[in-house]
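Taking it in order: structure first as structure tokens, then the write-up.
The values are calculated or read from the model by the stated rules, or taken from the named source; none is laboratory data. These numbers come from a predicted model, not from an experiment. In this analysis, Cβ positions are derived from the backbone assuming ideal geometry, glycine residues included, and neighbour counts consider all displayed protein chains. Remember, those area values only see protein heavy atoms, side chains included, never the ligands or the DNA or RNA. Shrake-Rupley method; radii C 1.70, N 1.55, O 1.52, S 1.80 Å.
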Amino acid sequence: MSAALEHAPRPVHVALVGAPNAGKTTLFNVLTGSSARVGNYPGVTVERREGLLLGASSEVRLLDLPGTYSLIGETPDEQIVEKALAGRLAGEPELDGIVCVVDATTLRRGLGLVREVLKRGLPTLLVLTMIDEVRARGGKLEPVRLSRILGIPVLGVVGHRGVGIDPLQRLLPDPSRWSRPAELPPE
């Protein structure tokens, strides 16, 4: 084996987690250029997508997990997500970080999933999708304030228009630099 191959850095593995229709797969497609490998998890008809982050200076593998409202596995989709995040899914590498994708128009409902993800203790980044819809409805988002409350990075994006994608692409290669909450905010 050549010296270059022996010292090649291990790819970074980041999972995208979010509720169905939160914009998770749209975000995945933008970040990977739709270069997803699609297949089913062994033994179940739950689809998995994996792709490489575009424009990264090192290899960053993104895993688009099935949409879920909870990490408590009742449905096959939820069970896959729960096992993947716990590192108990055969064939899946240990995760370096989690991107929790939440539809900003239903932020209050999505925060329950964020809390469950934070309990996993992995570096976590919150991405709020559909920020344009919130503004169109007269709402206001404060990602910096939410970041301070949660203790993790929070970004707003409009995936299909590419808004907010550049900062996200810069953060994804190094989840170890994402802040982690000292303690979870009260329920």
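Some points to look at:
- Top-ranked residue of segment 80-107 - restricted to ones that are modelled with pLDDT of 90 or more and more than 20 Å from W178 (Cα to Cα), ranked as nearest to the chain's Cα centre (by Cα): D103
- Test: residue in segment 40-52 that is open to solvent by 50 Å² or more (accessible area, probe 1.4 Å), outside any helix (DSSP H, G or I), modelled with pLDDT of 90 or more and not β-branched (V, I, T): yes
- If you go through segment 119-154 and keep only what is in contact (Cβ under 8 Å) with a residue 60 or more places away in the chain and touching a strand residue (DSSP E or B) at 6+ places or on another chain (Cβ under 6 Å), you end up with V127, T129, M130.
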